[in-house]
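The values are calculated or read from the model by the stated rules, or taken from the named source; none is laboratory data. Bear in mind the structure is a predicted one, so any value in this text is a computation, not a measurement. Here the Cβ positions follow ideal geometry from the backbone for every residue, glycine too, while neighbour counts run over all protein chains shown.
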Amino acid sequence: MAHLWQGVINEYRDRLPVTDSTPVVTMGEGGTPLIKAHALSELTGNHVWVKFEGMNPTGSFKDRGMTMAITRAKEEGAKAVVCASTGNTSASAAAYAKQAGMRCAVLVPEGKISMGKMAQAVAHGADIIQIDGNFDNCLEVARKLSDSYPVFLVNSVNPYRIQGQKTAAFEVVDALGDAPDYHILPVGNAGNITGYWKGYTEYASTFTNDAGTDLPAVATKTPVMWGFQAEGAAPLVAGHPIDQPETIATAIRIGNPASWDTAIAARDESDGLIESVTDEEIIEAQRFLSSRDGVFVEPGSAAGVAGLLKKFRAGAAPSEATIVITVTGHGLKDPQWAIKGAEAEDPTAAEPRRVDFDVVSVAAALGLE
Ligand code: AN7
């Protein structure tokens, strides 16, 4: 029988703030693969799965929240939306705004968003404004703009974004039959860890929805939440905002997360942790995942994997546990670091050998006999 995945709003509408008359704007987001990471599992002695959010329509997890935020904007009659972004939110907002027939303005830190993400905003015809500052400065301006002008803010300070993002936790539970023991993910502006924790907690007890209907618990437990920030952009680890965040993982180059308090609550209520990983550890984890488990993610997306590897080496990782790691965005967003990571292992990795076009020469070059 024909079946088309309906996008996260329609798939989970009884747990989201929508009514029958809500004009749902969707591009079929969600339903992303939960992939068994065999090499990571074997190395760490756990059952490790990666939730590959790079498989969303614009290549990152942002689409889950964006379908809700743009749907809400449409419901309110908005003609234009705005966001600040390190690149993925702007790519998603630009695409969903066009799907809804709206104008989209994006504020990005000058020179600090990857080529792939910039290409997406350009391709979708967003009004792109570069700000001489970092993401935190961009967000401040975007908030003020939406306060004083007729534009609708679609950053994750908009609670509808978090509502959409919580569906990723539902999908994990639906796929595994229960919550995992641990859930690990990168943390930047902290909307995603907030969304996951909301999803896991709502699924683990009776949930009274907007229509007043009690929905039974789906999971028997909630996971321990482990979040990882980049070392040069780790305000939640430092305990104070970072004025000049720096990391090669531009997606998470954020010094003052908007969802600070809810990230700390997720950490503490789940008996979890938020720690940092270095840029070198991020590149190494990105490399491990792509070259050993076949999953290609952008650097910021590898922070969770880097965190698990770090804890494992420190003797502080669990064993025989079911672990889900969210890998938040596709490797094609920012390919230069993948090439650098490969070259760190083999300086000629990105310079394929030139061989004459005959089968004997190719076989010889491959060492086949
Ligand atoms: C690949 O696009 O903040 O902790 O403006 O792109 O929910 O912010 C992106 C963040 C992780 C961090 N991985 O998630 C933006 C933006 C990737 C990301 C994060 C981001 P949050």
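Just one of (1) without any contact (Cβ under 8 Å) to a residue 40 or more places away in the chain; (2) assigned to a loop (DSSP other than H, G, I, E, B); (3) buried (at least 20 other Cβ atoms within 10 Å of the Cβ); (4) of a type in the set (A, V, I, L, M, F, W, C) fails for VAL295. It is (1). Only residues that are of a type outside the set (A, V, I, L, M), within 17 Å of the chain's Cα centre (by Cα) and not in a loop (DSSP other than H, G, I, E, B): list them for the range 220-248, please. The answer is TRP226, GLY227, PHE228, GLN229. Any residue that is more than 16 Å from SER60 (Cβ to Cβ) and more than 15 Å from the ligand (Cβ to nearest atom) - is there at least one of those in the range 300-307? No; the residues of the range 300-307 include none that is more than 16 Å from SER60 (Cβ to Cβ) and more than 15 Å from the ligand (Cβ to nearest atom). Beta carbons closer than 6 Å, at least 6 apart along the sequence or on distinct chains, never pair a first residue in the range 203-231 that is over 18 Å from ILE323 (Cα atoms) with a second that is modelled with pLDDT under 95 and of a type in the set (Ser, Thr, Tyr). Exactly one residue out of ALA93, ALA126, ALA97 is closer than 25 Å to PRO186 by Cα and buried (at least 23 other Cβ atoms within 10 Å of the Cβ), and it is ALA93. Evaluating GLY116 against the criteria (1) in a loop (DSSP other than H, G, I, E, B); (2) surrounded by fewer than 21 Cβ atoms within 10 Å (Cβ to Cβ); (3) under 21 Å from the mean Cα position of the chain (by Cα) leaves one unmet condition, (1). With respect to (1) in a loop (DSSP other than H, G, I, E, B); (2) in contact with a Phe, Trp or Tyr (Cβ under 9 Å, 6 or more places away or on another chain), the lone exception for GLY77 is condition (2). The helices (runs of 4 or more DSSP H) located wholly in the range 127-203 that include 2 or more residues which are within 16 Å of the chain's Cα centre (by Cα) occupy 159-165, 167-176, 191-203.
The numbered conditions (1) under 21 Å from ASN256 (Cα atoms); (2) within 14 Å of the ligand (Cβ to nearest atom); (3) part of a helix (DSSP H, G or I); (4) of a type in the set (Ser, Thr, Tyr) are all true for THR86 except (3). The residue that is nearest to the ligand (Cβ to nearest atom), among those in the range 194-210 that are crowded, with 19+ Cβ neighbours inside 10 Å and among the small types (Gly, Ala, Ser), is GLY195. Once the range 178-193 is narrowed to residues that are more than 6 Å from the ligand (Cβ to nearest atom) and under 10 Å from ALA303 (Cα atoms), the residue that is surrounded by the fewest Cβ atoms within 10 Å (Cβ to Cβ) is LEU185.
If the Cβ limit is 6 Å and pairs must be 6+ apart or interchain, which residue in the range 54-68 that is under 12 Å from VAL25 (Cβ atoms) pairs with which residue that is of a type in the set (Ser, Thr, Tyr) and away from the ligand (no atom under 11 Å from the Cβ)? Partner pairs satisfying both residue conditions: MET66/TYR96; THR67/THR26; MET68/TYR160.
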